[in-house]
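Only one structure is covered here, and it is reproduced in the block below.
The values are calculated or read from the model by the stated rules, or taken from the named source; none is laboratory data. Note that the structure is predicted; figures quoted are calculated from it, not measured. We place every Cβ from the backbone using ideal geometry, glycine too, and count neighbours over all the protein chains shown.
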């Protein structure tokens with residue numbers, strides 16, 4: 001643990017207007033998720049594909065005895081696919097909705113940093129009109145002079161998204 | 001707070017025991033009904049009722065204890081021989097058992113209690129009891145109590161406050177426990193709660209005798225209390241609350257209108273002068289009386305209030321989530337865990353100092369580990385196993401009621417009640433079984449005159465049988481009734497367009513049509529059955545449990561419904577199959593046989609379907625690769641090669657084409673739904689020895705989804721399957 005991290009933890013006690021984010025790289029951009037929703041980060045391991053699911057759902061893995069689905073975020077965002085390399089990791093996040101908590105793994109190019117961001121420094125996502133869906137973007141922030149796209153993980157992997165993917169699927173009708 | 005939790009827990013035990021008691025009463029009553037007026041049976045019933053009454057009184061469920069008291073009075077007459085039990089009496093007692101069960105369920109879930117039903121039953125019983133003097137007083141008392149309950153409940157509503165106050169008296173109670181009262185396990189709080197259930201209670205603690213801190217003995221009770229109770233209850237009822245502590249306290253109960261008399265009623269010992277002075281100097285205004293703060297924790301009070309305020313939100317009914325495990329089972333587990341620890345320490349040695357000489361020892365250790373692990377697994381599963389008798393026990397009553405209603409004579413035979421089933425399975429199989437039994441009674445067994453005309457004995461026989469067969473539990477519902485009218489079913493099915501007009505179906509196929517939604521052969525819709533929504537629900541429930549249901553029936557001879565269930569839901573005997581690069585698991589339960597594919601016997605049918613010619617039958621072939629679309633090259637390759645796993649689903653055989661058969665092994669079923677979602681054709685996933693995940697095929701679902709999507713246009717059988 002370096003000093004800045006220790007400082008961060010200390011700050012946590014009297015700074016309630018800020019949140020910590022874990023950031024990761026995806027196609028050259030830095031994305032962030034709330035650190036409290038992150039369950040862990042682990043190396044890429046082979047998944048068992050689930051038939052008749054959208055291609056961004058890579059399959060399921062065994063995470064300490066639980067069956068956890070893995071989502072490829074590049075495919076989800078319709079970015080160009082690259083072969084998985086040594087930095088490719090699975091960020092395991094907990095997705096909460098009214099009914100239940102689910103654990104889901106997301107494949108990203110690599111993890112980057114942990115930042116503490118003041119709520120006031122987070123800008124709302126700009127409106128792109130109907131062309132671009134922004135409901136799963138929590139906001140934009142700047143850290144170390146880089147832009148960080150903060151994701152609303154509960155919306156990104158909400159189950160409407162998965163259901164939606166299924167409704168296009170003929171075999172499962 | 002912790003106090004409340006404890007109370008809830010204890011209440012739960014009370015409910016559990018009382019439900020058992022009710023079962024005993026019910027069984028006993030049904031035996032009586034069959035003319036078995038054994039005094040032992042009556043005593044059993046009486047004892048059960050008595051324990052319920054006692055328990056309910058202790059835990060403050062006055063509705064139950066008062067009601068049971070009336071029932072007990074009736075039972076007592078029977079027991080002492082002053083009354084001959086009639087059919088009506090038994091019917092009334094059975095109804096009372098039902099009412100008690102409903103009331104307890106409601107109380108358990110903190111829901112409204114149907115006070116009116118209780119009152120009407122109570123009056124019925126009182127009427128039966130006749131006008132004998134001794135009973136009269138009891139009745140009156142009960143009705144009084146009921147009335148007081150009502151007014152108490154209404155007290156919650158503000159507009160009734162005045163009326164309520166008029167009918168109540170304000171009692172002053174001086175309660176001075178002796179120093180050692182706490183040591184005998186008596187808790188003043190419990191007493192206060194009980195008092196509170198009688199009416200509004202205000203408590204004042206008197207701390208004069210509290211010593212300085214250094215001299216305070218933590219186990220002594222230095223406090224005394226002055227209680228102001230605003231209630232309709234009589235002196236005796238208040239005294240009853242203090243029943244247990246009478247010996248260990250000084251108690252004075254003062255009625256304000258009649259103070260002189262009250263002072264005479266000093267109990268056990270004289271009160272101290274100081275306290276007397278305090279009472280005298282403190283006039284109390286009744287409208288200042290406030291309920292104590294721990295109102296919330298008092299179950300009975302809260303519930304009574306809920307009874308009247310219908311608008312109060314109902315908490316969701318919770319399923320009972322505890323099981324009783326025999327001590328032997330737990331001991332066996334402990335032993336095994338001990339052995340495991342020993343084996344583990346033995347194996348740990350090899351981690352530290354390993355040489356090739358100890359290889360054999362290591363092997364032995366691993367074998368031991370395997371054995372203990374398996375035994376542990378079996379034992380843990382065993383804990384969840386309960387005998388099916390808990391489920392069967394409700395049928396004597398059900399059959400009695402329904403056959404009475406239908407005017408049929410039915411003898412119920414039960415066998416294999418000791419067959420053990422997983423608790424979850426047991427809970428979920430209850431409703432389907434009830435449905436099947438009802439169906440048998442309603443549709444199957446004929447009325448006595450019809451039976452006699454058909455040359456059968458007047459009394460029909462319904463046989464419920466449970467037994468283990470391999471890794472399955474089989475439950476059979478067998479009747480010697482009319483059997484299924486296949487023509488009628490077929491006509492109905494044609495009517496609804498489920499079966500084409502030209503189509504000929506085998507009898508078994510037709511029989512299985514009864515599981516189709518919306519098909520009922522009963523022309524008259526009754527409250528028992530005939531709406532055609534039953535059997536498909538039955539089949540779905542059983543399917544959800546991983547089991548299947550079949551029907552065999554012969555006109556005029558009877559029907560047999562066979563339910564096959566897996567022993568447990570958590571573990572499945574599976575056949576591992578390889579398909580492309582993936583491993584899937586097919587439940588051994590559903591596999592009929594596996595054959596090598598002979599290219600000559602595979603035929604393509606127009607429209608893309610494929611059938612396999614096996615021993616004169618053409619069975620549809622589903623390629624796992626095609627349906628799961630994960631490896632197109634492989635599916636081309638195995639067009640004429642590979643293995644055909646023949647599975648049975650809903651009475652129809654279907655071949656599943658796979659690349660290779662792997663091991664057979666027990667697999668632990670893990671839910672896909674927990675973190676993902678339920679998938680058609682998959683019943684879950686499991687983790688294989690190498691840590692990877694394999695998907696478990698849900699055969700009926702898989703076949704169903706295949707048939708409905710792929711052969712939709714080509715096969716007229718789609719609905720029948």
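Things to note:
- In summary, strands (runs of 3 or more DSSP E) completely within the range B:617-691 and bearing 2 or more residues that are touching a strand residue (DSSP E or B) at 6+ places or on another chain (Cβ under 6 Å), modelled with pLDDT of 80 or more and within 9 Å of chain A (Cβ to nearest Cβ) occur at B:682-687.
- Looking across the range B:409-452, the residues that are assigned to a strand (DSSP E or B) and either in contact with a helix residue (DSSP H, G or I) (Cβ under 8 Å, 6 or more places away or on another chain) or modelled with pLDDT under 85 (or both) come down to B:410, B:412, B:414, B:420, B:421, B:422.
- Single residue of the range A:43-55 satisfying the filter (within 15 Å of residue A:73 (Cβ to Cβ) and within 13 Å of chain B (Cβ to nearest Cβ)) that is surrounded by the fewest Cβ atoms within 10 Å (Cβ to Cβ): A:55
- Breaking point among (1) surrounded by 13 or more Cβ atoms within 10 Å (Cβ to Cβ); (2) modelled with pLDDT of 85 or more, for residue B:367: (1)
- In summary, residue B:74 fulfils each of the numbered conditions (1) in contact (Cβ under 8 Å) with a residue 24 or more places away in the chain; (2) surrounded by fewer than 19 Cβ atoms within 10 Å (Cβ to Cβ); (3) assigned to a helix (DSSP H, G or I) with the single exception of condition (2).
- Some residue of the range A:90-97 being more than 19 Å from residue A:31 (Cβ to Cβ), part of a loop (DSSP other than H, G, I, E, B) and touching a residue at least 12 places away in the same chain (Cβ under 8 Å): yes
- Annotation note: of B:491, B:482, the sole residue that is in the same structural domain as residue B:553 (by TED's automatic domain parsing) and without any contact (Cβ under 8 Å) to a residue 60 or more places away in the chain is B:491.
- Filter result (within 21 Å of residue A:67 (Cβ to Cβ), out of contact with any helix residue (DSSP H, G or I) (no Cβ under 8 Å at 6 or more places or on another chain), surrounded by fewer than 19 Cβ atoms within 10 Å (Cβ to Cβ) and more than 9 Å from chain B (Cβ to nearest Cβ)) within the range A:89-100: A:99
- Residue within the range B:695-706 that is more than 30 Å from residue B:507 (Cβ to Cβ), more than 9 Å from chain A (Cβ to nearest Cβ) and either at pLDDT below 85 or buried (at least 16 other Cβ atoms within 10 Å of the Cβ) (or both) present: yes
- In the set (1) modelled with pLDDT under 85; (2) touching a strand residue (DSSP E or B) at 6+ places or on another chain (Cβ under 7 Å), residue A:98 fails one condition alone, (2).
- Of all the residues in the range A:58-73, those that are at the interface with another protein chain (Cβ under 8 Å from one of its Cβ atoms) and touching a residue at least 60 places away in the same chain (Cβ under 8 Å) number 0.
- Against the test of being over 16 Å from residue B:555 (Cα atoms) and in contact with a helix residue (DSSP H, G or I) (Cβ under 8 Å, 6 or more places away or on another chain), the options B:473, B:484 yield a single qualifying residue, B:473.
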